[in-house]
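Heads up: the structure comes next, in structure tokens.
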């Protein structure tokens with residue numbers, strides 16, 4: 001005989017789980033007893049949201065599903081944000097929540113929440129288990145659903161009675177799980193070869209094509225195939241916010257990030273293209289800008305494992321439902337040595353844009369405040385090439401994505417779809433826990449830092465030595481930027497103060513090594529010092545210039561052709577600029 | 001029914017919460033479900049949900065794809081009204097005194113409706129027919145005074161091959 005609690009932990013071990021992130025409480029208590037003797041490492045977080053983002057960071061960095069485990073009620077509601085974040089960004093994750101006893105469900109019991117109801121639209125799927133004997137099979141199916149097809153979060157809600165050995169309803173005879181019995185779930189992964197041949201012909205004939213590479217390529221472990229495809233046909237690639245690192249930034253065909261804060265060349269390549277080959281990307285509004293004016297001359301080939309993405313935003317001339325890696329491999333064989341249209345003019349046209357509109361910022365004059373872009377460039381150059389970078393959401397996120405050189409896949413972890421402030425620190429902890437030999441830098445803003453900084457206590461206690469580059473400009477910077485540009489500089493509720501809290505003291509109080517940097521001359525030494533510390537987390541607080549704005553920028557409601565470049569480049573725009 | 005009404009038939013796993021998942025996808029987009037019918041199939045493991053929604057075709061296409069993504073949805077199809085047979089069942093009570101009932105009996109006969117019960121001052125009638133015919137029957141009974149009405153929601157099947 002076994003009981004539901006033991007069976008849960010055994011089921012997780014059978015799925016190969018090495019680490020989980022969680023926080024115990026009443027309803028999940030019985031499950032925490034067998035954790036003491038389990039081979040699975042448990043990381044005790046300080047807030048359940050942290051557990052969820054850590055599981056996401058772990059999953060992003062390792063490719064393995066992240067696991068979070070928390071109790072019922074408020075713990076489950078605290079998990080809603082990471083679940084939705086993982087759903088939007090297709091992160092494989094399994095979340096175990098405690099629930100009140102089955103007989104108490106619906107009675108407003110202590111710490112009761114309708115967890116499966118609340119998370120229905122925030123998960124790929126969820127389960128409420130009513131019978132202890134269903135636990136092994138349910139856990140097996142949860143991992144299957146989370147990791148196959150379009151990956152995503154799956155939640156398993158476990159009433160206390162079925163996991164509590166003191167309750168007879170938790171007892172059952174262990175049965176090994178069998179192949180998942182999910183008659184409604186059969187993700188198509190193999191591409192239709194007729195469509196692949198049509199796509200191959202369309203690609204080969206295109207004069208101004210662009211490969212529009214999205215996060216799906218990373219989920220499909222397709223970075224090698226992307227590179228091979230791009231080189232075979234000599235077509236430039238844009239890598240979206242979720243695909244940074246899918247092709248090395250130093251690759252001559254990589255134009256970098258498109259979209260609202262993309263660089264000029266990447267944005268305009270899509271606007272002027274005659275063919276967009278969307279590979280695991282979803283025509284997100286942050287990429288397309290005003291849809292009516294997006295890539296007006298482009299035909300569309302759209303490859304996605306999720307059929308609901310095909311035609312959702314932009315009609316595809318050829319829509320291919322498939323695993324994007326398999327589809328790219330099929331395209332490579334179908335194209336083979338097919339003659340490619342002459343694209344030298346297209347490539348040199350784009351190189352002209354690259355020369356004319358590089359990413360720029362104005363260096364600080366002596367005695368001036370530190371520029372955040374400068375900090376990121378120095379951090380990039382002072383850290384190992386395979387450093388994993390995580391970020392929160394806002395200006396610092398865009399600067400990090402713009403100014404880092406991502407040379408390897410799975411080195412950039414951020415909250416793309418949901419845009420969750422506070423993502424950076426817990427995601428970095430999850431990534432570092434999964435990849436302990438890599439340097440992990442969490443790039444954060446002061447607004448984000450204050451949302452999840454308490455997880456640095458977790459990092460100190462658990463000896464997960466992440467590094468935090470806190471770009472402290474004393475403001476909710478991105479909101480301030482919008483108020484400056486679109487609300488007549490009327491600043492409403494965006495000032496945070498650079499001095500309150502005292503970030504250095506706070507970091508030290510949480511067991512971190514802390515450094516404060518106020519001038520450009522101190523930057524390199526601080527970064528070197530931080531990269532030397534490996535026995536505890538490090539927080540480097542960079543006091544940055546609050547006047548700095550993120551450029552280029554497509555204003556909300558504008559088309560991508562109305563991209564605003566850095567003010568110093570405006571006079572180079574066709575027609576003298578917008 | 002206008003062109004905006006579409007009939008969608010889902011075969012789903014017969015499990016708790018499935019109807020909420022399906023209905024939730026409509027609710028999220030603010031689509032109103034016009035009618036809904038749920039019943040088990042010949043196999044206990046599955047149920048069939050038939051719903052009629054009031055929505056333009058393009059957004060419906062997207063919802064149908066999203067519905068198909070639900071793990072518990074096994075099969076989903078839109079019924080093309082030109083190639084489907086659809087039926088709805090209605091029970092209706094009209095206020096009509098015994099002396100005035102002949103026109104109601106005549107109407108029931110015309111629609112092949114069934115008189116289920118008669119009371120001191122009212123009659124209960126049922127009709128199973130296409131939703132349009134059920135609408136029409138209801139309208140023609142209205143002048144007599146309708147006191148209660150219940151309709152089941154549409155169910156349908158594709159026409160057989162000739």
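Structure notes:
- Crossing angle, helix A:135-147 versus chain A [Cα axis fit, 0-90 degrees, rounded to tens]: 0 degrees
- Prolate/oblate/rounded call for chain B, Cα gyration tensor, a/c under 1.5 rounded: prolate
- Isotropic mean projected area of the C-alpha convex hull, the range B:74-128 (nm²): 5.6 nm²
- Counting Cβ atoms of other protein chains within 10 Å of each Cβ in A:123-133 and taking the mean gives 2.
- Residue order, fewest to most beta carbons within 10 Å, for B:151, B:77: B:77, B:151
- Using C-alpha pairs under 8 Å with a sequence gap of at least 6, the mean separation divided by the residue count of chain B gives a relative contact order of 27 percent.
- Across peptide B:62-72, the average count of Cβ atoms from other chains found within 10 Å of a residue's Cβ is 5.
- Percent of Cα pairs exceeding the 16 Å cut-off, where the set is the range A:44-135: 53 percent
- Note on A:302-309: average number of Cβ atoms from other chains within 10 Å of each residue's Cβ is 2.
- Zone of residue A:228's modelled label, taken as backbone nitrogen in the range A:171-191 under 19 Å from a point 7 Å along Cα→Cβ: A:189-191
- Per-residue Cβ neighbour counts within 10 Å put A:257, A:54 in the sequence A:257, A:54, beginning with the fewest.
- If the segment from residue A:484 to residue A:14 were pulled out straight at 0.36 nm per residue, it would be longer than the present Cα-Cα gap by 163.8 nm.
- Taking only alpha carbon atoms, the range A:312-361 gives an Rg to Rh ratio of 1.14, where Rh is the Kirkwood radius.
- Paramagnetic reach from residue A:221 (point 7 Å along Cα→Cβ, amide N under 14 Å) across the range A:136-156: A:147-149
- Estimated translational D of the protein assembly as shown in µm²/s (Stokes, Kirkwood radius over Cα pairs; 10 °C; 1.306 mPa s): 56 µm²/s
- Binning the alpha carbon pair distances of the range B:42-99 at 5 angstrom intervals from zero yields the distribution 4, 11, 18, 19, 16, 10, 7, 5, 5, 4, 2, 0, expressed in whole percent.
- Under conditions of 4 °C and 1.567 mPa s, the range A:2-172 yields 85 µm² s⁻¹ as its translational diffusion coefficient, taking Rh as the Kirkwood radius over Cα pairs in the Stokes-Einstein equation.
- Against the empirical curve 2.2 N^0.38 Å, the C-alpha radius of gyration of the range A:339-465 lands at a ratio of 1.28.
- At R0 = 45 Å, FRET efficiency that the Cβ-Cβ distance of residue A:40 and residue B:106 yields, to 0.05: 0.05
- Per residue of the protein assembly as shown, the DSSP helices (runs of n ≥ 4 H) give a summed -39500 (n - 2.57) that works out to -9500 deg cm²/dmol at 222 nm.
- Rounded if a/c under 1.5, otherwise prolate or oblate - the range A:193-356, Cα gyration tensor axes: rounded
- The angle separating the long axis of helix A:523-532 from the principal Cα axis of greatest extent in chain A is about 30 degrees.
- Efficiency of FRET between residue A:1 and residue A:250 - r from beta-carbon atoms, R0 51 angstrom, step 0.05: 0.30
- Extension gain, residue A:201 back to residue A:533 (0.36 nm per residue minus Cα-Cα distance, nm): 114.1 nm
- Average silhouette area of the range A:493-540, convex hull of alpha-carbon atoms, in square nanometres: 4.0 nm²
- Theoretical FRET efficiency, 1/(1+(r/R0)^6), r = Cβ-Cβ of residue B:75 and residue A:461, R0 51 Å, to 0.05: 0.50
- In plain terms, the bigger the Kirkwood radius, the slower the diffusion; for the range B:5-79, with that radius from Cα pairs, at 10 °C and 1.306 mPa s, Stokes-Einstein puts D at 130 µm²/s.
- Compared with the dominant Cα axis of chain A, that is its longest principal axis, helix A:424-434 is turned about 70°.
- Fewest neighbouring Cβ atoms within 10 Å first, the residues B:15, A:467, B:69 line up as B:15, B:69, A:467.
- Between residue B:28 and residue B:42, the contour length at 0.36 nm per residue exceeds the alpha carbon distance by 1.9 nm.
- Fraction of antiparallel bridges per DSSP, the protein assembly as shown only, in percent to nearest 5: 45 percent
- Normalising the Debye intensity of the range A:165-212 to I(0), with uniform scatterers on Cα atoms only, and taking log10 at q = 0.18, 0.30, 0.32, 0.33 Å⁻¹ returns -0.83, -1.12, -1.14, -1.15.
Where a number appears in this text, it was derived from the coordinates with a stated rule and is not lab data. The model shown is predicted, which means the values in this text are computed figures rather than measured ones. Positions of Cβ are backbone-derived with ideal geometry, glycine not excepted, and every protein chain shown enters the neighbour counts.
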